[in-house]
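Asker: Below is one structure. I have some questions about it.
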Amino acid sequence: MPGVTSTPAHIPAARTDRRALLRAALAGGTALGTGLALSATPAVAAGHAHRPTTPRAALRELRAGNHRWATRHQTHPHEAGADRLLAVSGQHPFALVLGCIDSRVPPELVFDQGLGDLMTVRSAGCVLDEAVLGSVAYGVLELGIPLVMVLGHASCGAVTAAVHAAETGEEPPAHIGYVAEQIRPAIDHTGTGPARVDATITANVRLVRSRLAAEPDLARRTTAGRLAIVGARYELGTQEVRLVP
């Protein structure tokens, strides 16, 4: 893939150099062309040609992998010695999953994916802060990932804590209060009890998805058809992931 050989006049050379170093460090030591973020098709190294490069294909692969997981036919791909050696030279994930920290919902297992297939960002309740936003932006803008999935899940403890705090007025301990405040705008006001928590889980996925979609750099890629940002829920009982409209 041809790289950009000149520095735009409005970007200082030092800043461009720092961006190139950041790309190389986070991509696993491989020098990436500075034109990567501007490419219409994400770069795919030899050995990774089978990986999806479009939003539609990436979503199709995630859904197929989850079906394997839910039906107990998981394949545990890309764990062989050759895959591990290939990963040394760089990374080319085809999707980024922004999920909750819940130990029962590890994205690589839920979607039956292997080494280097997914970039995962996890925070309680999928809550966004600058570190999470920066991580998502890196995956999309620097690695050319075509799909971002916001993955909530049933029985989310972070959402339950946010609903409880809103109902009782009790202050959550330590930094959990920050998480609760970020989820508060999504709290459902039509139901009660477990139904309210469950509805809020879905509403929170929509809220986080909309916030990501409003980010200008991500929005430009979405408009161009190079990126899709979708929401989904993982059901603990069935182990199935279903899209949130």
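The values are calculated or read from the model by the stated rules, or taken from the named source; none is laboratory data. If you're wondering where the values come from, they're calculated on a predicted model, not measured in any experiment. Please note: Cβ atoms are built from the backbone with ideal geometry, for glycine as well, and neighbour counts cover all protein chains shown. Quick note on the areas: whole protein, heavy atoms, side chains included, nothing else; ligands and nucleic acids left out. Shrake-Rupley method; radii C 1.70, N 1.55, O 1.52, S 1.80 Å.
Asker: Any idea which residue in segment 102-126 is nearest to the chain's Cα centre (by Cα), counting only those that are farther than 17 Å from Leu62 by Cα and assigned to a loop (DSSP other than H, G, I, E, B)?
Answerer: Ser123
Asker: Which residue pairs have Cβ atoms closer than 7 Å, lie 6 or more positions apart in sequence or on different chains, and pair a first residue in segment 178-206 that is under 16 Å from Ala165 (Cα atoms) and open to solvent by less than 60 Å² (accessible area, probe 1.4 Å) with a second residue that is assigned to a helix (DSSP H, G or I) and basic (Lys, Arg)?
Answerer: Asp188/Arg196
Asker: Confirm whether Arg242 is farther than 23 Å from His92 by Cα, among the charged types (D, E, K, R), assigned to a helix (DSSP H, G or I) and open to solvent by 60 Å² or more (accessible area, probe 1.4 Å).
Answerer: no
Asker: Taking into account only those residues within segment 133-177 that are open to solvent by 10 Å² or more (accessible area, probe 1.4 Å) and among the β-branched types (Val, Ile, Thr), which is farthest from the chain's Cα centre (by Cα)?
Answerer: Residue satisfying both the conditions and the ranking: Thr168.
Asker: On the basis of being in contact with a strand residue (DSSP E or B) (Cβ under 6 Å, 6 or more places away or on another chain), open to solvent by 60 Å² or more (accessible area, probe 1.4 Å) and within 22 Å of Leu109 (Cβ to Cβ), does Arg233 make the cut?
Answerer: Details: in contact with a strand residue (DSSP E or B) (Cβ under 6 Å, 6 or more places away or on another chain): yes; open to solvent by 60 Å² or more (accessible area, probe 1.4 Å): no; within 22 Å of Leu109 (Cβ to Cβ): yes.
No, not satisfied.
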